[in-house]
Each structure stands twice: as C-alpha cells, then as structure tokens.
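Below: the structure, in structure tokens.
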Amino acid sequence: MHEHWRDDNFEDFPIAMAYVPWQKFERLYDDLEKGYCAGTVFPELDKPFTGRRCV
Amino acid sequence: MWSYEKRLQFPVNIKEPNAKLAQAIISQYGGPDGEMGASMRYLSQRYSIPYREVAGVLTDIGTEELAHLEMVASIVHQLTRNLSMEEIEKSGFANYYVDHTVGVWPQAAGGVPFNACEFQVKGDPITDLMEDMAAEQKARATYDNILRLVKDPDVCEPIKFLRMREVVHFQRFGEALRMVQDRLDSRNFYAFNPAFDKCESCDDKPDCGCDK
Amino acid sequence: MGDREQLLRDIGIADFVLTELVLYLDTHPHDCKAMEYFNHYNRIKLQMEKEFSQKYYPLNTRYAESGKEWRWGAAPLPWEGACA
C-alpha cells in the first residue's frame, strides 16, 4: 500500500468520490467507564444526540 | 468461526415492561436498518473483497453487529416479559402477541418481516463500502428516532451506546474506503472492478502480483 | 453492585476498549501506540475473564474446564438482566 494522501491537501482529491478523513489517535478517555457508557473510548468520535438545535 | 461469550457487549437491565416501546425498538432487530441486516450485510460482503485488511474491517464490524443484535433482542425481551393480558391489549401489542406470544421475531416496527432485500452485496468494493457507510447513517438516524420516544433511563443507556457505535463504524468504513482508493488509480477510480476484472499481465502470468 | 457484577462490568469495559482498538488498528495497522494499548488491555481482560470463570461461572467454553460437573448450561443468560 502506498502512502495515504495527506488530508490537508483536500483540494487535490479527485472529484466524483467520497473521502472520510483519517482518524489520528491521540489518547483514550482517561475515564474508560465514561467512554463505555458513551459508546466510544475516543474523545474525538464522541458525538452524542442532543435532540435540540443550538446546543 | 465464532466463539460465544455469555455476556452482553453493554448491560441491559430494564425493570419496567413497555410493550409499546418494544414494538418500535424491534425495528432495530429485524427492520430495514436493523442489526440483523447490518451483520448479514458486512459478513456477506467480505468474500469478494480482494484486500485482506478491508475484509478484516467487514469481519470485525459484522461480528460486533451480532453482539448488537443480541442487545436489541435483550431490550425487546425485557420490555415484554411479565406483561399482563390487559397491558397487551391496551398497548396495541395484541397483533404481535397473537403470532409470537412474547418471543422475539425479526420484523420492522410496522410488522414487515425481515428480508434479505434490506441489504445488498454488489461484489464491487467501492459500491459495497458506500452502502455500508449509508447503512450506518440510517441506523444512527433510527436510534435518534428511538431516543425521542424513550423516557426510561434503563432503555436510554443501551440505545445511546448502540447509536454511538454507528458513528464509530461509519468512520471505520470511511477509512476502509480510503484503503481501497489507495490501491486504485485516482485518475479513474471506476476503470474496473478490483473484485472481478483482471489486469493485462494476468493474461500471460496468472500470478502477476496485482490484486486480482 | 456486588463483587460479581463489578468484575463482569470491568470485563465489559476492558473488552470494549479492545473492540475499539481492534477496529482502529484494522485501518491503522502501523500505529505503535494503539498497539501498545491493545497489548496492555488484552492482558488485563484475559486475567479478569479467567478469575471470573473460576469464581463464578464460565463466560466462554474455553474456561469451562471443571473437575466435577458441567457448569456452562447453568450459568445466567445475558438477556436475563440484573432483576431476573
């Protein structure tokens, strides 16, 4: 496999295709119980449903 | 091959039965965007993928979906156990009850039985991964809809957990798609199907080193 | 929460961290830091599973070895919930 394209050159990505940026691993939640209840141990992926706009 | 663990991926301990809610949540068991469709979709799509790492993503997420299937069934089971006849009649559960008593059967909230048409296996890696990303979003939106109906924290907690897994899986399928793109020619991703079409040098040498 | 419930919860948490790391490593096979985390939590989880199976009941048939009787079938079912 060759090097992944760098996500900061998004302009260079060919059109007519979809791209999800690579996750870069920084750390796990310090409180793993919190991550377990949230459904992810990666803080950057923790995107809960609020059911309200402008929260 | 699989190995069974006698525990849920996330605990389900519901004290109050609620047949009405069970009828909505059962959609995530056997409905159009439910966990049965999810697990069968990924585990069926694996075979034609020519890249081991990508087939690995499908295997591991498909396996986790089986654990989600068991969680959703546990929620439905606990919401419908110890129901009185009066509650069954009052909550509109009689139609389900007459065919299944309080057993767990894969159907959508509207009563439509589970059907393999809920998912696709196209045999084309880009197409299949795009479907998988869409499937995760549809399941996430279904859990959003369920969360608006749920007041009981015993039900809310496992549903919130399952919803977040859809977001994580979307990210992983997106990365798996990037792995496929990295192996194709970015000038034309659609020039051929890497799960089917051969390269030119394959004609002379079957083991030419290309992925097909 | 009793000792048994607490240990089962801790196993659940450790296994969940592993599930997350497995999926991450599937798409980032060269991430050494994630690999170290995986090794660390995998050791902890295996240890806890063994302890749980010896003290209470086997969570998997690989832990079902016993001198006398077959305990797998009598173990609580996951969908029973705490109030069963």
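The values are calculated or read from the model by the stated rules, or taken from the named source; none is laboratory data. The model shown is predicted, which means the values in this text are computed figures rather than measured ones. Every residue, glycine as well, gets a Cβ built from its backbone with ideal geometry; the counts of neighbours run over all protein chains shown. Side chains included, ligands, DNA and RNA excluded: accessible areas come from the protein's heavy atoms. Shrake-Rupley method; radii C 1.70, N 1.55, O 1.52, S 1.80 Å.
With all protein chains in place and ligands, DNA and RNA left out, the 1.4 Å accessible area ranks C:His40, B:His100, C:His30 as C:His30, C:His40, B:His100, largest first. Measure off, as a whole percent, the carbon and sulfur share of the 1.4 Å-probe accessible area of the range B:1-70, all protein chains present. Here carbon and sulfur together make up 58 percent of the probe-accessible area. For the range B:1-121, the alpha-carbon coordinates run over 56, 30, 18 Å along the three principal axes, in decreasing order. Taken over chain B, the alpha-carbon convex hull comes to 129 cubic angstrom per residue. Converting phi to 3J(HN,Hα) with the Karplus coefficients 6.51, -1.76 and 1.60 and the offset θ = phi - 60°, the range B:54-65 yields 6, 4, x, 4, 5, 5, 6, 6, x, 5, 5, 4 Hz in sequence order, with x at every glycine or proline.
Report the net charge of residues surrounding B:Thr80, where surrounding means a beta-carbon distance below 13 angstrom and charges are Lys +1, Arg +1, Asp -1, Glu -1. Local charge sum for B:Thr80: 0.
Take the range C:3-78 with all the other protein chains still there, run a 1.4 Å probe, and you get 56 Å² of accessible area per residue.
Per-residue accessible area (protein heavy atoms, 1.4 Å probe) orders B:Ser48, C:Ser53 as B:Ser48, C:Ser53, starting from the largest. Placing C:Trp72, C:Trp79 in order of accessible area, with the largest value first and a 1.4 Å probe, yields C:Trp79, C:Trp72. A DSSP coil position with no more than 11 other Cβ atoms inside 10 Å describes the following trypsin sites (Lys or Arg not before Pro) in chain C: C:Lys68. Once the Cβ-Cβ distance of B:Ser3 and A:Thr50 is raised to the sixth power relative to R0 = 30 Å, the FRET efficiency obtained is 0.20. Using a probe of 1.4 angstrom and keeping all protein chains present, the accessible surface of the range B:87-212 works out to 51 square angstrom per residue. The amide H of C:Trp72, built 1.01 Å from its N in the peptide plane, has no neighbour under 5 Å, considering only residues 5 or more places off or on other chains. Sort the range B:28-88 into rounded, prolate or oblate with this rule: let a ≥ b ≥ c be the square roots of the eigenvalues of the Cα gyration tensor; rounded if a/c is under 1.5, and if a/c is not under 1.5, prolate when a/b is larger than b/c, oblate otherwise. Taking the square roots of the gyration eigenvalues as a ≥ b ≥ c, the range B:28-88 is prolate. Label sites at A:Asp30 and C:Met1, each approximated as a point 7 angstrom past Cα along Cα to Cβ, lie 2.0 nm apart. Along each principal axis, taking the top coordinate minus the bottom one, the Cα set of chain C gives 45, 31, 20 Å in descending order. Across the range B:32-42, coupling constants 3J(HN,Hα) worked out from phi with the 6.51/-1.76/1.60 Karplus curve, θ = phi - 60°, read x, 10, x, 6, 5, x, 4, 5, 5, 4, 6 Hz, and Gly and Pro carry x.
Gyration tensor over the Cα atoms of the range B:53-100: the corresponding equivalent ellipsoid has semi-axes (square roots of 5 times the eigenvalues, largest first) of 36, 10, 6 Å.
Taking a Cβ cut-off of under 12 Å around B:Asn145, the surrounding Lys, Arg, Asp and Glu residues balance to a net charge of +2, with basic ones at +1 and acidic ones at -1. Can you bin the range B:103-173 into rounded, prolate or oblate? Criterion: square roots of the alpha carbon gyration tensor eigenvalues sorted a ≥ b ≥ c, rounded for a/c under 1.5, prolate for a/b above b/c, oblate for the rest. Oblate, since a/c reaches 1.5 and b/c is not below a/b.
Over all alpha-carbon pairs in the protein assembly as shown, figure out the percentage whose distance exceeds 25 Å. Tail of the P(r) past 25 Å holds 59 percent of the pairs.
Computed from protein heavy atoms with a 1.4 Å probe, the total accessible area buried between C and B is close to 2400 Å².
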